[in-house]
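Heads up, the thing below is written out as structure tokens.
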Amino acid sequence: MSSKKIVTLGAGISGLATSYLLHKNGFDITILEKKKEAGGSMESVFESNFLFDRGPNSGLETSPLIGQMVDELGIREQMVYANKKGNKRYILRNNQLYPLPMSPPAFLKTKLFSTSAKLRLMAEPFIGRSKDGYYQSIAEFVKRRLGKEFLDYAINPFVAGVYAGNPEDLSVKSAFPKLYELEEKYGGLIVGTIKSIKERKQRAEKSKQSAKMFSFKDGMQAFPAAVSKYMGSRVITSADVHSIEKKENCFKVNYKTGNIEESVECDAVLSTIPAYSASEIFKPFDEKLSEHLNNIYYPPVLVLYLGYNEKDIKQPLDGFGFLIPAKEKKSFLGAIWSSVLFPKRAPEGQASFTLFIGGSRNPEIGSIDKEILFKKARNEFESIMKITGEPVFIDYRYWNKAIPQYNVGYIEHEKYFTEFEKNNPGIFLSGNYRGGISVGDCIKNAEVTKERIISKFKD
Ligand SMILES: Cc1cc2nc3c(=O)[nH]c(=O)nc-3n(C[C@H](O)[C@H](O)[C@H](O)COP(=O)(O)OP(=O)(O)OC[C@H]3O[C@@H](n4cnc5c(N)ncnc54)[C@H](O)[C@@H]3O)c2cc1C
């Protein structure tokens, strides 16, 4: 196996983590990355003494592989876990922030949900399975099992926080497979949660609720940067892959570095670039695959980063931040209280916040003047947080195509990816449009993809 050559397309966390594992298994790896730096969506910036992440702010340590890689890469000292205050998450209702209840007694006491919503939730164990199977949105699933108010004031903001998505569009099976499985396997969410905790313990895995939230002293990009450093000259940046040719016994991957045409031959291609980019490259291989990839929706997201003097903020900074249900009709999806979560995100006496604007809820942001968007979001944010002074720092990052939406019917894409790989041995499709969008899922998926590649070469 050691002589087998793999070319990985994309040096985001999916491409880097999978390549790292393959390299450790003796494969000869080259990673081609379009941008000047490795990391993909993971972009950390240090400016005017503020450290901010333009993409993911944190990851959840859902797999032992994360800690293992951190140790092997020698960056344990760099890793930071979120402040315990981060366990407290707020939801906005009628312009007021309510902590999301995290225990049964807190749930009974909270004013976030009405009494009838609480009673409705308690009926969950008595509700049967749906006949719709795969073709249910998370909204339909939650409304049926937990009631409309829980959908509006817990799931709707949660979905905006994770996917920048709409619960009415996202498939419960593809976007929230664990939740779907609880109903399928155990008949309900409450009974299923209790039983699955036991099973997870046996597999040494952590649920997303109990996994520790991590980042790095220099921000999230420190992780891909460390993998890239370890892989050394195997990572080629500013390498824009534009086509792949199937030769008799190998693949030829063609790319451009500036104006220079280059190519590399290999036994297998691992694609971890976004679906819309893969759609172009694999079109000559299979038009139908190209259509499937091109039909995956990536809404735009505007990340607005704000710094203030702490003395001007009247809202106690004792949590992760807050999420906004669509019903509240605000111009942004929520805000992370960045400097509360991790150390050194803001200078002494100042606090920093990351606001998310757009997503599937407001995809029209692409055509609205950014200054207008900022002004509206800032005014609303300052009112919610009871901020009296001007921001001392402002920055933003516009993601034209931010996060793939695993919408209802996604199962058809997933099935076709498997079929394509079967018909085109030696091409592997991976990345955050397959197997989960979170950083933790991308890393877990790296292990799965590595195994798929190893088993191909065992044949
Ligand atoms: C704004 C935002 C906030 C997020 N927040 C969180 C969070 O807090 N927690 C969390 O867990 N997840 C979060 N996510 C999701 C998570 O960050 C991503 O799903 C994950 O980082 C994707 O990794 P990836 O390697 O699959 O893809 P990417 O990071 O997209 O990497 C793909 C790479 O392929 C390269 N590429 C594209 N085309 C070509 C080509 N033709 N040739 C060569 N290279 C090419 C790109 O330049 C890119 O570097 C967030 C995402 C965004 C956008």
Point to revise | Answer residue from the stretch 242-253, given it is open to solvent by 20 Å² or more (accessible area, probe 1.4 Å) and within 11 Å of the ligand (Cβ to nearest atom) and is farthest from K4 (Cα to Cα) among those | key: H242
Practice item. Check every one of the strands (runs of 3 or more DSSP E) wholly within the stretch 77-133 and list those with 3 or more residues that are open to solvent by less than 30 Å² (accessible area, probe 1.4 Å) and within 17 Å of I324 (Cα to Cα). Key: 89-93
Study note, to complete from the structure: Of the residues in the stretch 81-130, those that are among the basic types (K, R) and in contact (Cβ under 8 Å) with a residue 60 or more places away in the chain number 4
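Would you check if I13 is within 16 Å of the ligand (Cβ to nearest atom), at pLDDT 95 or above, surrounded by 15 or more Cβ atoms within 10 Å (Cβ to Cβ) and under 25 Å from the mean Cα position of the chain (by Cα)?
Yes: the conditions hold for I13.
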Point to revise | Neighbours by Cβ (under 6 Å, 6+ apart or cross-chain): first from the stretch 255-267, among the basic types (K, R); second not in a loop (DSSP other than H, G, I, E, B) | key: K256/D240
Check your understanding: Out of curiosity, is S171 of a type in the set (S, T, Y) and either open to solvent by 50 Å² or more (accessible area, probe 1.4 Å) or modelled with pLDDT of 95 or more (or both)?
Key -> yes
**Study point:** Residue list for the stretch 254-312, restricted to those being in a strand (DSSP E or B), closer than 30 Å to K386 by Cβ and either among the charged types (D, E, K, R) or more than 15 Å from the ligand (Cβ to nearest atom) (or both)
**Key:** L306, G307, Y308, N309
**Study point:** Filter pass, E421 being open to solvent by 70 Å² or more (accessible area, probe 1.4 Å) and more than 24 Å from the chain's Cα centre (by Cα)
**Key:** no
Point to revise | Unmet criterion (only one of (1) farther than 20 Å from N294 by Cα; (2) open to solvent by 20 Å² or more (accessible area, probe 1.4 Å)) for G435 | key: (1)
**Study point:** Answer from K314, K283 - the residue that is at pLDDT 95 or above, touching a strand residue (DSSP E or B) at 6+ places or on another chain (Cβ under 9 Å) and open to solvent by 40 Å² or more (accessible area, probe 1.4 Å)
**Key:** K314
Exercise for review: Go through the stretch 346-357 and give me each residue that's closer than 17 Å to A335 by Cα, open to solvent by 40 Å² or more (accessible area, probe 1.4 Å) and part of a loop (DSSP other than H, G, I, E, B).
Suggested key: none
Practice item. Identify, by number, the condition in (1) open to solvent by less than 20 Å² (accessible area, probe 1.4 Å); (2) under 18 Å from the mean Cα position of the chain (by Cα) that G319 doesn't meet. Key: (2)
Check your understanding: Tell me, which residue of the stretch 32-51 that is more than 11 Å from the ligand (Cβ to nearest atom) and among the small types (G, A, S) is surrounded by the most Cβ atoms within 10 Å (Cβ to Cβ)?
Key -> S44
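Hey, could you check the stretch 174-186 for residues that are over 23 Å from the mean Cα position of the chain (by Cα) and either surrounded by 15 or more Cβ atoms within 10 Å (Cβ to Cβ) or touching a residue at least 60 places away in the same chain (Cβ under 8 Å) (or both) and say which is nearest to Q136 (Cα to Cα)?
That would be E183.
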Check your understanding: Any idea which residue in the stretch 155-169 is farthest from I336 (Cα to Cα), counting only those that are within 16 Å of the ligand (Cβ to nearest atom) and in contact with a helix residue (DSSP H, G or I) (Cβ under 7 Å, 6 or more places away or on another chain)?
Key -> G165
Exercise for review: Please work out which residue is nearest to the ligand (Cβ to nearest atom), limiting yourself to the stretch 358-400 and to residues that are among the polar types (S, T, N, Q) and either buried (at least 17 other Cβ atoms within 10 Å of the Cβ) or touching a residue at least 24 places away in the same chain (Cβ under 8 Å) (or both).
Suggested key: N400
Revision key, fill the gap. Within the stretch 416-441, the count of residues that are more than 16 Å from the ligand (Cβ to nearest atom) and out of contact with any His (no Cβ under 9 Å at 6 or more places or on another chain) comes to 8
Practice item. Of the numbered conditions (1) among the hydrophobic types (A, V, I, L, M, F, W, C); (2) touching a Gly at 6+ places or on another chain (Cβ under 6 Å); (3) in a loop (DSSP other than H, G, I, E, B), A335 fails exactly one; give the number of that condition. Key: (3)
Point to revise | Tally of residues being surrounded by 21 or more Cβ atoms within 10 Å (Cβ to Cβ), at pLDDT 95 or above and of a type outside the set (D, E, K, R) across the stretch 52-75 | key: 8
**Study point:** Among residues of the stretch 1-10, those that are more than 16 Å from the ligand (Cβ to nearest atom) and under 26 Å from S44 (Cα atoms), counted
**Key:** 0
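The values are calculated or read from the model by the stated rules, or taken from the named source; none is laboratory data. Predicted model only: the values in this text are computed from it and were never measured. Here Cβ is always computed from backbone atoms with ideal geometry, including for glycine, and neighbour counts include all displayed protein chains. What goes into the accessible areas is simple: the full protein's heavy atoms, side chains included, and nothing from ligands, DNA or RNA. Shrake-Rupley method; radii C 1.70, N 1.55, O 1.52, S 1.80 Å.
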